[in-house]
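What follows is a single structure, written as structure tokens, with notes after it.
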Amino acid sequence: MKINTTNIEGVYLIVPKVFKDNRGVFFESFNKEIFQKNIASSINFVQDNQSSSSKGVLRGLHFQKPPHAQAKLLSVVKGAVLDVVVDLRKESRTFGEYIMEELSEHNNHQLFLPKGMAHGFLTIEDNTIFSYKCSDFYHKESEDSIVWNDSTLNIKWPNSNPILSEKDENAKKFSSFVSPF
């Protein structure tokens, strides 16, 4: 397993060692010992979530505010996404910046996000299954979101007319967001 840093401190791109043969594919998708030694020594994942989406669906930019903020480990089981992470930590040198990574069943890459990140993804293949581990349980009163196409963030999404939920269409602008992180 190879663990790569990204342009946002604390966000890691994880590239597993993949074994392929005529039977298919095998790789270790999570190893607590390696994870705690190299990424986050005290992380405890308590909830796994999974979504299924058709091509062109955009979900995000979502996060949970303290005291129920979540660190996440993201992966794609089937299909592919363009995954976006925005740093919401006001004391961070990369506050308001984002990274975009392709996660897919083809590359088996994963992203780890510490608390204080907004997260969203655009499906680029039909029938995409997205999976993630969370370090805290979902709490409705802690959920929040920033609009996916915020002009301040200037995220270079390749689809200017994605399929959105009403919640994501009506999310707040980054300029009116007061970070609790």
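The values are calculated or read from the model by the stated rules, or taken from the named source; none is laboratory data. The model shown is predicted, which means the values in this text are computed figures rather than measured ones. Every residue, glycine as well, gets a Cβ built from its backbone with ideal geometry; the counts of neighbours run over all protein chains shown. Heads up: the accessible areas ignore ligands, DNA and RNA and are worked out on the full protein's heavy atoms, side chains in. Shrake-Rupley method; radii C 1.70, N 1.55, O 1.52, S 1.80 Å.
The set of residues in region 135-168 that are open to solvent by 70 Å² or more (accessible area, probe 1.4 Å), charged (D, E, K, R) and over 19 Å from Val81 (Cα atoms) comprises Lys140, Glu141, Glu166, Lys167.
Could we say that Ala71 is surrounded by fewer than 22 Cβ atoms within 10 Å (Cβ to Cβ), closer than 20 Å to Gly116 by Cα and of a type in the set (A, V, I, L, M) here?
Numbers: surrounded by fewer than 22 Cβ atoms within 10 Å (Cβ to Cβ): yes; closer than 20 Å to Gly116 by Cα: yes; of a type in the set (A, V, I, L, M): yes.
It is true that Ala71 is surrounded by fewer than 22 Cβ atoms within 10 Å (Cβ to Cβ), closer than 20 Å to Gly116 by Cα and of a type in the set (A, V, I, L, M).
Does region 102-114 contain any residue that is crowded, with 22+ Cβ neighbours inside 10 Å and among the charged types (D, E, K, R)? There is no residue in region 102-114 that is crowded, with 22+ Cβ neighbours inside 10 Å and among the charged types (D, E, K, R).
Of all residues in region 129-149, which are of a type in the set (S, T, N, Q) and free of Cβ contacts under 8 Å to residues at least 40 places away in the same chain? Give the derivation first.
Within region 129-149, the subset of a type in the set (S, T, N, Q) is 131, 135, 142, 145, 149.
Answer for region 129-149, where residues must be of a type in the set (S, T, N, Q) and free of Cβ contacts under 8 Å to residues at least 40 places away in the same chain: just Asn149.
Just checking, does region 15-36 include any residue being touching a Ser or Thr at 6+ places or on another chain (Cβ under 6 Å) and either open to solvent by less than 60 Å² (accessible area, probe 1.4 Å) or without any contact (Cβ under 8 Å) to a residue 40 or more places away in the chain (or both)? Looking through region 15-36, none of the residues is touching a Ser or Thr at 6+ places or on another chain (Cβ under 6 Å) and either open to solvent by less than 60 Å² (accessible area, probe 1.4 Å) or without any contact (Cβ under 8 Å) to a residue 40 or more places away in the chain (or both). Leu61: hydrophobic (A, V, I, L, M, F, W, C), surrounded by 14 or more Cβ atoms within 10 Å (Cβ to Cβ) and either part of a loop (DSSP other than H, G, I, E, B) or in contact (Cβ under 8 Å) with a residue 40 or more places away in the chain (or both), yes or no? The answer is yes for Leu61.
Looking at the structure I just gave you, is Asp83 at pLDDT 95 or above and part of a strand (DSSP E or B)? Don't jump to the end; show me each part of the working.
Working: at pLDDT 95 or above: yes; part of a strand (DSSP E or B): yes.
Taking the combined requirement at face value, the residue satisfies it.
For region 156-171, the count of residues that are within 15 Å of Lys72 (Cβ to Cβ), among the charged types (D, E, K, R) and in contact with a strand residue (DSSP E or B) (Cβ under 9 Å, 6 or more places away or on another chain) is zero. Residue count for region 1-52 satisfying the condition of being modelled with pLDDT of 95 or more and among the hydroxyl-bearing types (Ser, Thr, Tyr): 5. Do we find that Ser131 is modelled with pLDDT of 95 or more, open to solvent by less than 50 Å² (accessible area, probe 1.4 Å), of a type in the set (Gly, Ala, Ser) and in contact with a helix residue (DSSP H, G or I) (Cβ under 7 Å, 6 or more places away or on another chain) in this structure? No: the conditions fail for Ser131.
Residues of region 124-181 that are farther than 29 Å from Asn44 by Cβ and part of a strand (DSSP E or B): Ile163, Lys172.
Say we look at region 43-58 and pick out the residues that are aliphatic (A, V, I, L, M) and part of a strand (DSSP E or B); which of these is most open to solvent (accessible area, probe 1.4 Å)? Explain how you work it out, then say what you get.
Of region 43-58, the ones aliphatic (A, V, I, L, M) are 43, 46, 57-58.
From what's left, part of a strand (DSSP E or B): 57-58.
On the way: Val57: 18, Leu58: 2 Å².
Applying the filter and picking the extreme gives Val57.
Going through (1) on the phi < 0 side of the Ramachandran plot; (2) modelled with pLDDT of 95 or more one by one, Asn159 falls short only on (2).
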